[in-house]
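Below is one structure, written out as structure tokens, with a few remarks after it.
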Amino acid sequence: MNGVKERKFRFALNLVGILIGCAAVTGLVSMTQGLTDSVTGQLDVFGPTNIIVIPGDITHGPPGMGSVTLGWRELQIIERTPKLEAVTPIVANKFCEFTFQGRFYRTDVYGVTPEYAEINKNTKIDEGRNFISSDTAVVAIGANIAKPLDSEEQVIELGDRIKIKVQVKGEEKELTLRVISILQAQGSSFGFNLDDSISIPLATAQQLYEIGGEFDFILGRATSIDDVNSAVEAIEEKLGDRVTAISYASAQDQVGSILGTIQSVLGGIAGISLLVAGVGIINTMMVSVMERTKEIGTMKAVGAKSLDVLLMFLSEAMITGLIGGIVGSLFGFALGGAIGRYINLAVEPSLSLGLFVVGFAMTTSVISGLYPAWRASSLSPVEALRHE
């Protein structure tokens, strides 16, 4: 400990190197864990028995972006699929703008049927009613549309009328809609964020955006969790590579694989930071051994054993790792939390991650200090005292 006090600047340099590496590990890994929790939460909102059918084969490109489309033919085939008890088409990837009481909105528009709320049980109406088959110029608005996050009071009420503007084939179109329902906040799932969007009847959306009988997605619900895989296989067998059917389990596997890769890459980057810090420790401790050669000789001359010298240098390295690990972990968690709040991602500190990083930092420091410590302990007292 006395060696640390006497060489504060060198100790501080080692400490900064370890601190940066530990902060990188805890910050990046905790943010990745927060992302994992967020995506898992979105999957939970989607529902374990629900299946979403998208056009095209996602292994050959982004869903819904190719020439393959979904229409009434695909809908009827899917409706006849065994093990499915409910099916509904969805129009998505549409946008609109409107101004209400001086507040400007640009939001997503979904075209849905009355069955959508029945299939997706997480879609709950806070005020008003669900669509019925005869509805046309009506709208259901998300929780954040009715009461924006920066507003203390609800801005849009039931019965209000909003005039939306859309761009269709280069031309602007307008449509006045009456608010018949306000949805409860539910988060997003599978790309559907109803909190910050509006929903209109399916036929109204198809007419407004001039897309005829096309859909962007088809949502189905299996009779039970055990029947989900059978329903997915039946849909893909009937429609081939024209569609991809995604269930909760398959989405969870794909997302888990992607997030695992991301976490590994980010963890590797952070690990490299600790490796660089370890090289710095080796360098500075080697310099310390050279500077303290006479001191080591004096210690041995008065009876200090080689093990005492070895432990002295290793203890300095261990203290560096301990302090750097603790401070770096705390800083990394704080930085990850700050970034998470900025991008609206929940990041929670993990005690197990913090302890792992501190332990890893101490181990890295001790291993880095092994050779310099061994070299110091093996010096001959006579040669050390003669050193200039």
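Given Cβ point charges of +1 (Lys, Arg) and -1 (Asp, Glu) and nothing else, what value in debye, to the nearest 20, does the dipole of the range 88-222 about its Cα centre take?
Using Cβ point charges on Lys, Arg, Asp and Glu, the range 88-222 gives about 160 debye.
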Express in nm, to one decimal, how much length is gained between residue 185 and residue 12 on full extension, taking 0.36 nm for each residue of separation and deducting their alpha carbon distance. 57.4 nm
Placed amide H near residue 110: partners under 5 Å, 5+ positions off or other chain: 198, 199, 200
If R0 is 30 Å, what FRET efficiency do you get for residue 160 and residue 352 from their C-beta distance, rounded to 0.05? 0.05
Once a ≥ b ≥ c are taken as the square roots of the eigenvalues of the Cα gyration tensor of the range 88-222, is the result rounded (a/c under 1.5), prolate (a/b larger than b/c) or oblate (a/b not larger than b/c)? oblate
Calculate how many DSSP beta bridges within the range 88-222 are antiparallel, expressed in % of all such bridges and rounded to the nearest 5. 75 percent
Can you compute the FRET efficiency between residue 308 and residue 264 using 1/(1 + (r/R0)^6), with r the Cβ-Cβ distance and R0 = 35 Å? Round to the nearest 0.05. 0.25
Separation between the residue 298 and residue 72 pseudo-spin-labels, each 7 Å from Cα along Cα→Cβ, expressed in nm? 9.8 nm
Give, in nm to one decimal, the length gained when the segment between residue 233 and residue 121 is fully stretched (0.36 nm per residue of separation minus the Cα-Cα distance). 38.0 nm
Apply 1/(1 + (r/R0)^6) to the Cβ-Cβ distance of residue 339 and residue 167, taking R0 = 51 Å, and write down the FRET efficiency to the nearest 0.05. 0.90
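Just so you know, all these numbers are worked out from the coordinates, no wet-lab data involved. These numbers were taken from a predicted model, which means no experiment stands behind them. Cβ: placed from backbone, ideal geometry, glycine included. Neighbour counts: every protein chain shown.
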